[in-house]
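Undergrad: Provided herewith is a single structure, encoded as structure tokens, for subsequent inquiry.
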Amino acid sequence: MNIETLVTRGAVAFLLGLPIGLLGCGANPAIRIPAAPEQKTSFHPEDPRTYDIHALNGAVADEQQALYESQRKGSVDLACVKEENWEVWSPSEPTVVAIVKGPQLSEQEQRALDETVTYFGTAFSRVEYEYARFQDFRRLYDGASHDPRLLRVTIQQGLTSLYWGRHLLDFASTLESKGCSLKPFRRGLKAVSDIASDVGQGQLPAVMRQLDPASDPWGSQLLRIQLAIFSGQDALSLCAGASRSLSTASTPYDTSILTWCGYAAAQAGQSEQAQTYWSWAGQSVHDPEGASYALARIRDNAEGRVSRDMQIIAIRPE
């Protein structure tokens, strides 16, 4: 290695705030990989003396609706890099840096790579935020355990944090199944997996045990279905039982239950069953907005639009 190469490595390392020995030479610039999400115990604690349950309930519900809509709107270009074409430094350190080996990337390839890094960085930050807010709500409920409405909001927030984690992990798995390596993001994805496991298998079931099914059987049923979906359990069996009961019962939760069951069926690849659930939800008289949402899912399913537009840009090998 000549002096000029050493100087270049040193300059780039200095700009990235890295040890000089971490950077190799190549046609493409080094990339700072977004930090892995942390399991923070607090983000914005609510004051138990002044909290507004209606405001909190509305905020969590609006956030869940926006989350699902965000998965089916917009577009993103993702870079598909083969495992052997990644060079990754300090994979176990807080700051992970990577470079795509081979010829200089084209403008389209570089843009797709930038979008990929941004996508995972945004997702890591959101998982960290939603988990921390779940801890805030748990702490708030701990000081007001007599309030069943606050318990439901706490559970909904836990479901939101679990959904973000599971969705990102499923998304990453889909990308890797297409032969695209996520080698530089594995530390972050491992942290997301840990968060999803802690929430779905430990914290959230513990909180849900505080529910009184007798006082709100349909609300409890909805939450159990959501937890089963997000934690990879058998949600369809729960949905089958719920739909049979709904045929002879009336509850304001019918639209939400049937819409979520449609989502569970679609996730399991049962598109016809998903359309049936969404069709039933669309006939609801209790929740016009939810009914419209369910009917829109039928149209999306018929048109093959189940998620946001995604274009995978293959990065040329060496």
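Undergrad: Return the whole-Å distance between the Cα centroid of the stretch 85-108 and the Cα centroid of the stretch 180-219.
TA: So the separation of the two Cα centres works out to 31 Å.
Undergrad: Suppose each label sits 7 Å from its Cα in the direction of the beta carbon; what would the Asp234-His44 distance come out to in nanometres?
TA: Distance between label points: 4.1 nm.
Undergrad: Which ordering of Asp147, Asp52 is given by a fewest-first count of other beta-carbon atoms within 10 Å?
TA: Asp52, Asp147
Undergrad: Would you mind ranking Met310, Met208 by Cβ crowding within 10 Å, fewest neighbours first? Numbers along the way, then the final one.
TA: Values: Met310 14, Met208 18.
Ordered from fewest to most neighbouring Cβ atoms within 10 Å, Met310, Met208 come out as Met310, Met208.
Undergrad: Working out 0.36 nm times the residue gap between Thr95 and Asp114, then minus their Cα-Cα distance, what length gain in nm do you get to one decimal?
TA: Working it through step by step, the gained length comes to 5.1 nm.
Undergrad: Please list 3J(HN,Hα) in residue order for the stretch 174-182, calculated via the Karplus relation 6.51 cos²θ - 1.76 cosθ + 1.60 where θ = phi - 60°; whole Hz, with x for glycine and proline.
TA: With the stated coefficients, the stretch 174-182 comes to 4, 5, 5, 5, 8, x, 9, 7, 10 Hz.
Undergrad: Kindly write out, for the stretch 137-147 in residue order, the coupling ³J(HN,Hα) from the Karplus curve 6.51 cos²θ - 1.76 cosθ + 1.60 (θ = phi - 60°), rounded to whole Hz, with x marking Gly and Pro.
TA: For the stretch 137-147, the Karplus curve yields 5, 4, 5, 5, 5, 4, x, 9, 5, 7, 9 Hz.
Undergrad: Amide H to amide H under 5 Å from Ile313: which residues, 5+ apart in sequence or cross-chain, H placed 1.01 Å off N in plane?
TA: Leu78, Ala79, Cys80
Undergrad: Another question, then. Projected onto the charge dipole of the stretch 31-210 (+1 at Lys/Arg Cβ, -1 at Asp/Glu Cβ, origin at the Cα centre), which of Ala172, Phe120, Asn85 gives the Cα projection farthest towards the positive end?
TA: Looking along the dipole axis, the top candidate is Ala172.
Undergrad: Once you list every other residue whose beta carbon is under 11 Å from the beta carbon of Tyr163, what net charge do they have if Lys and Arg are +1 and Asp and Glu are -1?
TA: Counting the neighbours of Tyr163, the net charge comes to -1.
Undergrad: Please list, ordered by chain and number, the residues whose modelled amide H lies under 5 Å from the amide H of Phe43; skip anything fewer than 5 residues away on the same chain.
TA: Result for Phe43 returns Asp136.
Undergrad: Between Lys178 and Ser75, what length in nm is gained on full extension when 0.36 nm per residue of separation is reduced by their alpha carbon distance?
TA: Fully extending the segment from Lys178 to Ser75 adds 35.3 nm.
Undergrad: Cα to Cα, under 29 Å, and not fewer than 8 places away if on the same chain: which lysines meet these conditions relative to Lys82?
TA: Filter leaves Lys73, Lys101, Lys178, Lys183, Lys190.
Undergrad: Under a plain spin-label model, where a point goes 7 Å from the Cα along Cα-to-Cβ, how far apart in nm are Asp170 and Gln267?
TA: 0.5 nm
A short reminder: the numbers here are calculations on the coordinates, not readings from a lab. Owing to the predicted nature of the structure, the values given are computational and were not obtained by experimental measurement. FYI the Cβ positions are ideal-geometry reconstructions off the backbone, even for glycines, and counts take in every protein chain you see.
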